Every structure is written in structure tokens, then in C-alpha cells.
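What follows is one structure encoded as C-alpha cells, with my remarks underneath.
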Amino acid sequence: MPTELENIKAEVKDLNFYYGDVKALKGVNLKIPEKKVISLIGPSGCGKTTLLRCFNRMHDFYTNHSHTGEIILNPEGVNILDRKIDPIEVRMRISMVFQKPNPFPKTIFENVAYGLRVRGVTKRSVLLERVEKALTVSALWNEVKDRLDQQAFNLSGGQQQRLCIARALAIDPEIVLFDEPTSALDPIATARIEELVSELKKEVSILIVTHNMQQAGRISDYTGFMYMGELVEFGDTDKIFTNPKEKLTEDYISGHFG
Amino acid sequence: MFKLTDHQSSNSKKMRLKSSRGFSARIYEKIIEYVLFLAALASVFVTLGIAYVLISESIPFFKVVSIIDFITDKQWTPLFADAHFGIRPLLAGTFVTTAIALIVAIPVGSVIAIYLSEYAHPRAREILKPILELLSAIPTVVYGYFALLFVSPLLQKIFVNMTGFNMLSAGIVMGIMIIPYVSSLSEDAMRAVPMHMREGSFAMGATRLQTSVNVVVPAAFSGISAAYILAVSRAIGETMIVAIAAGMQPNFTLNPTEPASTITAYIVQVSLGDLPHGSIGYQTIFAAGLTLLLFTFALNIAGHFLKKKFGERY
Ligand SMILES: Nc1ncnc2c1ncn2[C@@H]1O[C@H](COP(=O)(O)OP(=O)(O)O)[C@@H](O)[C@H]1O
Ligand SMILES: [Mg+2]
């Protein structure tokens, strides 16, 4: 478990989530330490995406769902699931990279600058500096620096996903959520993204959903195993993979189901 | 060597596959293909036929009136003793009424499309959309009298010196009629933009409005521009409203408060009159019709290129 010495960036408390009558999350408790990579694994349909999308209030755009419980964001200690909290403010601090690369129909530059523009930044020099930094961190700068004004759709799938990472980083988020960011990519592009994620934790807390166990093992400090809406086990990645406490975790890790 | 055998085996597999299909099934599919092809061909022939009639009937006209006069003369008075055959007054009337209609229809239609696609509750959309589409189901004759008897007197309260027949009221009412063309097609295009694109924008902290304007509209641009082009074609081709409310007097002016005639209004006027077939006066309608065809054709080509340049980008 994350030790008490570490700073806890966010904490999920007794979270239950319902799609209509279907309970998709059952009493989830989870601590997200600062500047670490936390991965969530588990079979398809176990609620990983549902949990992830609670963190940036993505469910707000859809109807017929409800929840009980809290997600506390530190240092303020506010419950970001509270209706009184402006979801836009939450998304300004917690950004997200999706399963399928989803660049906007804009130039490479404008894609990365998007988050800054919606925050009202218009000064060209500021935008340039932030875009360059985000693209450098995402290991894309050298590939695109000469064609920043080209359409983002001209990039390869792997490059598009790194562009989406740059877009998510340009706003200096405190947490970045990744929902199976490599499931649509080839092995080489996947390796580059994994490298990047490990590098990023110097700056931000990372919560990554993956159904690729090897990937979780390679990149994360902590791993949570979910099953049918419950967080079955959570702990050091090494522990989870070599010596899990729960029988269910062991079965999943050793490939008995899923 | 290896490759060769590989290729051979796949080839023989294909042949077996082919021969296993029934002969009649293949014939049936071929027949369907030809029927569909003929249907497509028919529409091409109709278009070509229209172009043929317009061109062949215009040739005698252009033997009497030079193309230069047709383009440069500032008067259109084919039925007067002192006949002039300058198309420009009719073009000006078409241009002004179309422009007014678009100034009304494009902003209003686009805003409605954004509302229906990005804001409206599904139930509200289900109710509003058919009501809106009803606007384009109203007979244009009704719109024409609405423009003449209701909108024009209303506008005369602002423009006191305006005549009862004027391009402004015809254009505005034409714009109202076209709104559903713009809003319906634009909305379809915007709704076809996949949700994950919007989510990408929301996840960056964008509002609904920012997402609609900066992401959804650009992504749907090709469909939206198709809607705009349809609106333009519809406005250029609209006949009844301008014939009733704009005055049917060829008038070389860009002032919307004046009465004027458009190409289409002129064509009905002459078609309904008692000019003998074959007279120069009668032939003018083919020259005017040909001009109209050229304009709509150019628009379609422009639309095609727009579509190519901004294909769906998601
Ligand atoms: N929009 C939705 N409406 C209703 N049920 C949903 C919706 N999204 C997901 N679910 C259900 O919630 C459960 C968890 O889904 P999800 O979080 O997507 O799982 P995972 O990401 O682990 O594959 C599944 O049983 C799924 O069918
Ligand atoms: Mg998922």
C-alpha cells in the first residue's frame, strides 16, 4: 500500500456508481499517491473506465446515472464529485487521454494549444512556449517541429496519441488519466507511449487503465485489480504480480480467466 | 518456391469458391447491378436533356442578340418596342434576393443546428425538428403572399418610402423558408461527429459552446458547407415568392427596398404570358434559364471541391 509518508493526491472514498439500476462500481476505496503511476487492471466490463471517468466528471454529459461516495482532491481536500463543484474546474486540473487517439480537426499546434486557448490564453509567445514544452515532453517535438501548422490527421496513429498526450499535458494538470491509451497502437508505438508514461510521473500523478497486464507490470508503481465493479486488491505492483493476497487476483494474473 | 505454392493454393481455393456459387444467383446479382446502373443513368440523361433543350433553344436567341450585349447591356426590356436584352438586371435581382435570404437563413439555421445537435434534450429535439421541417413544407405561394401582405407592410413602417413590392421582404421570407434546409442538414452533419471527439474537448475543460464552435463545427464542415450550398441553390431557384412579392420589374439595382425581377420570376412571367413560341421574346426565357443553369452548375462544382478539400475529418 502507499505508505503514509507519501503525499496523497486524491482519494476515492466508498464510491458506488450506477448506470440506471446497474451497479457498475461497488464501494471503491483508493488512494492516488502524488507523482506515481497507478494502473487499474481487470477483465473487460469490470468498471475501470467508469471509475476513471469519475475523476474528470466525464459522466456529467450523459443522463441516467448516479453515485454515492466521494473523490477527494488534495491539497484542498474538496470532493470533486460534489454537484456544487464546477466540473470545468475539475477538468482544468485533471486531464485525460482516451483509448482511441482523438485529435481535433485542427493543426498540430492548435491541438496542443487547445486547452490553453479555452482558458483564454491568446499571447502567441506563451502558447508557443507551452506547446513546445508539451510536445518535447511527449517526445513528439522533433518529429513535428517543422510542420506545426499541418493538420493533425496527417500524423500516424502513434503520433496522434502522443499528440493527445501533449494536449493533455499542455495545461499543466495535476493528474493525467489514461484509458487504455495503447490498445489501438502497434507494439513500437506502444513501447514509446509506455516510456513516456514512466517519464511523466516526475511531473504528475498518473492513473492508467489497461487490460494488458504486462504493461501494468512494466510502467506502474501501484496496481489495482478490479473485478465486477469492486476493487479487489490494491498495492505495490511487484507485490500484486508476484505475491497477491487474494485468490481472485492470483487467478487473473496467472491467466485463469479474463 | 515457397511463395509460388502458396499462391497456387490460394488460387485454387478461390476457384472452388467461385464455382460453388449458383449460376442463377450470379445472374440475378448482375441484373440488379444493371437495373441500378440504369436508374443512375436516367438521372444523368434527364440533366443532359435539360441542358440540351436550353442550349439548342438559346442558339437562335444568341444569333439575334450578341452575347456581349446580353452580358453588358444594363436593361432587360425584351417586350418593349425598344427591346434590350441585358441579363444584368435579372442577375442583380437574383443576387440581392438570394443574399438577403442567406443572411437570414445561414446564421439562424446554423444556430438552430448547434442547439439541436449539441444542447437540446433528445425529447426536445424530437418535437422541434419536425415542426421546423414543416416550414419547408408550406407552399411557396403562401410564403409569397405572406411576404407581400404581411412582411412588406411591416417593413414599410421602418422604410417609409419603400414600395409594396420589394426585394427585401421577398428575400427575408425566402430566408425563413430555407432555414430548415440549413438547420436539418447541418444538424445531421454535426450529429455524425463521433462522441469521442467532443469528449476530447470537454476533457480539456472546454464548455459546450467552445466545443461546438471549435471542434464539432470544423469536424462537420464538409456536411455543413453542403447544407449552405443547397441553401444557395434553393434561394437562386426559388420562383414563386419573388414573383409575387418582389414586383416582376427588371431593375438594375442592388437596393433591396426597390422592386425588381429575378431570372426565375421573369421565366414564369413569360411562360404564363401569351408570347408566340419561336418569337425572340419567348426565346429569352431559354437564355435566362441557361444562365441560371450555369450558375447552379458552378455552385455544385464549388460544393464538390469544398467537400473534397474538407472531407469528414474524424
Ligand atoms: N453508458 C453506459 N450505460 C450503461 N451501462 C454501462 C455504460 N457504460 C458501461 N456500462 C456497464 O458498466 C460496466 C463497467 O463498464 P466499463 O467501466 O466500461 O468497464 P471496463 O472499462 O472495465 O471494460 C459494464 O458492465 C458495462 O456494461
Ligand atoms: Mg474500458
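The values are calculated or read from the model by the stated rules, or taken from the named source; none is laboratory data. Note that this is a predicted model, so its numbers are computed, not measured. Here Cβ is always computed from backbone atoms with ideal geometry, including for glycine, and neighbour counts include all displayed protein chains.
Among the residues of region A:9-26, those identified as within 13 Å of ligand 1 (Cβ to nearest atom) and either more than 23 Å from A:Asn64 (Cα to Cα) or free of Cβ contacts under 8 Å to residues at least 40 places away in the same chain (or both) are A:Asp21, A:Val22. For region B:238-245, state whether one or more residues are in a helix (DSSP H, G or I), surrounded by fewer than 23 Cβ atoms within 10 Å (Cβ to Cβ), away from chain A (no Cβ under 14 Å) and not polar (S, T, N, Q). Yes, the conditions are met somewhere in region B:238-245. Answer yes or no as to whether A:Pro87 is under 30 Å from A:Val144 (Cα atoms), away from ligand 2 (no atom under 16 Å from the Cβ), at the interface with chain B (Cβ under 9 Å from one of its Cβ atoms) and not hydrophobic (A, V, I, L, M, F, W, C). Spelling it out, it is not the case that A:Pro87 is under 30 Å from A:Val144 (Cα atoms), away from ligand 2 (no atom under 16 Å from the Cβ), at the interface with chain B (Cβ under 9 Å from one of its Cβ atoms) and not hydrophobic (A, V, I, L, M, F, W, C).
Scanning region A:27-84 for residues that are touching a helix residue (DSSP H, G or I) at 6+ places or on another chain (Cβ under 9 Å), on the phi > 0 side of the Ramachandran plot and within 10 Å of ligand 1 (Cβ to nearest atom) yields a total of 1. Where the second residue is at pLDDT below 90 and not small (Gly, Ala, Ser) and the first is assigned by TED's automatic domain parsing to the domain that holds B:Tyr52 and more than 19 Å from B:Val44 (Cα to Cα) and lies in region B:294-307, which pairs have Cβ atoms under 9 Å and are six or more apart or on separate chains? Here the result reads none, with nothing in region B:294-307 linked to a residue that is at pLDDT below 90 and not small (Gly, Ala, Ser).
When B:Ala235 is tested against the conditions (1) assigned to a loop (DSSP other than H, G, I, E, B); (2) under 25 Å from B:Gln156 (Cβ atoms); (3) of a type outside the set (Phe, Trp, Tyr), the lone failure is (1). For A:Leu177, the criteria (1) more than 13 Å from every other protein chain (Cβ to nearest Cβ); (2) modelled with pLDDT of 95 or more hold in every case but one, which is (1).
Scanning region B:186-223 for residues that are within 13 Å of another protein chain (Cβ to nearest Cβ) and among the acidic types (Asp, Glu) yields a single hit, B:Glu199.
The lone criterion from (1) under 15 Å from the mean Cα position of the chain (by Cα); (2) surrounded by 20 or more Cβ atoms within 10 Å (Cβ to Cβ); (3) more than 14 Å from chain A (Cβ to nearest Cβ) left unmet by B:Ala226 is number (2). Hey, does region B:159-169 have a residue that's within 30 Å of A:Asp86 (Cβ to Cβ), outside any loop (DSSP other than H, G, I, E, B) and assigned by TED's automatic domain parsing to the domain that holds B:Ala246? Checking region B:159-169: not a single residue is within 30 Å of A:Asp86 (Cβ to Cβ), outside any loop (DSSP other than H, G, I, E, B) and assigned by TED's automatic domain parsing to the domain that holds B:Ala246.
Within region A:208-244, the residues that satisfy the criterion of being within 16 Å of ligand 2 (Cβ to nearest atom) and either part of a loop (DSSP other than H, G, I, E, B) or free of Cβ contacts under 8 Å to residues at least 12 places away in the same chain (or both) are A:Thr210, A:His211, A:Asn212, A:Met228, A:Gly229.
Residues in region A:90-116 that are away from ligand 2 (no atom under 16 Å from the Cβ) and at the interface with another protein chain (Cβ under 8 Å from one of its Cβ atoms): A:Arg91, A:Met92, A:Ser95, A:Pro103, A:Phe104, A:Pro105, A:Lys106, A:Tyr114, A:Gly115. Residue check: A:Arg147 meets all listed conditions (1) away from every other protein chain (no Cβ under 14 Å); (2) outside any helix (DSSP H, G or I); (3) crowded, with 23+ Cβ neighbours inside 10 Å but one, namely (3). Looking at region A:43-52, can you tell me whether even one residue there is among the charged types (D, E, K, R), within 16 Å of ligand 2 (Cβ to nearest atom) and within 18 Å of the chain's Cα centre (by Cα)? Yes.
Scanning region A:11-29 for residues that are within 16 Å of ligand 2 (Cβ to nearest atom) and either surrounded by 19 or more Cβ atoms within 10 Å (Cβ to Cβ) or among the aromatic types (Phe, Trp, Tyr) (or both) turns up A:Phe17, A:Tyr19, A:Ala24, A:Leu25, A:Val28.
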